[in-house]
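Visitor: This is the structure, below, for whatever I ask next.
Derivation of every value follows stated rules applied to the coordinates shown; laboratory data play no part. Small disclaimer: the values here were computed from a predicted structure and weren't measured. No Cβ is skipped: glycine too gets one built from the backbone with ideal geometry, and neighbour counts run over all protein chains shown.
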């Protein structure tokens, strides 16, 4: 979807509500993934995006769904709901996201992020009335947003090819693999009341989309090719997130390197064949 690449400020795993839909559609997506290998790339295609023809068609499908359903609903929500209420809703879901961020900070052996995330959850859940208020920020406990895709990248997993997922939007092969783990890591996944869980999931999606109305409108008006702009923003954003805002220089990649089936080691966010992912640590974290 258009707004998916602009999720830099998302609390916890971006668009996790939409990934509820994705988790229910895993069998169908697995079959679709098998078809990707047969999708021919366009001439002079970006090496990070070998499935561009498929991705563009899926991007258009997601855009149509967004224009028909999500954007109108989010616009109504924004106009009908007082800003103070929307802030409380955002704080509530942000507090839930901090729970999963704590787990991933621990998995990445980041003590500061782990401590900040832990105390954010404790303080906002208690003093902050279940997360509706955010006193932890006033106490200078910074939010360290981490997800399982970032954890895999931290420990050296290559991002693999860029891919646009149905109803979810921008992703990479690594982030697609991480998505089910992120889903099961969400506190909402363990809510036994199905009606409540589904209601909160829908609210999360709508609230998140409402927060991106201005950014998505700007994208529509300014980008000559919204698809390639979104792809580039997403890949750069994920690279910065994996390296905590301090990524190493990207190596120069010659066109000839892509035609013999070999991908240069360390080619950040490059479309590296999955078979060679283990032998080419593209995103080993430098700390």
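Visitor: Please list 91-98, 141-148, 59-66 highest first by mean number of surrounding beta-carbon atoms within 10 Å per residue.
Guide: Working: 91-98: 23.6, 141-148: 21.5, 59-66: 16.9.
So the order, starting with the most tightly packed, is 91-98, 141-148, 59-66.
Visitor: I've got another one for you. In whole Å, what is the distance between the alpha-carbon centres of the range 211-236 and the range 116-184?
Guide: Here the two parts' Cα centres lie 22 Å apart.
Visitor: Could you please tell me the mean projected area of the C-alpha convex hull for the range 119-165, averaged over all directions and given in square nanometres to one decimal? Don't skip to the answer; put the middle values down first.
Guide: Values: hull surface 20.6 nm².
Over every viewing direction, the Cα hull of the range 119-165 projects on average to 5.1 nm².
Visitor: Over all distinct alpha-carbon pairs, what is the Kirkwood Rh of the range 140-227 in angstrom?
Guide: Across the range 140-227, the inverse of the average 1/r is 15.7 Å.
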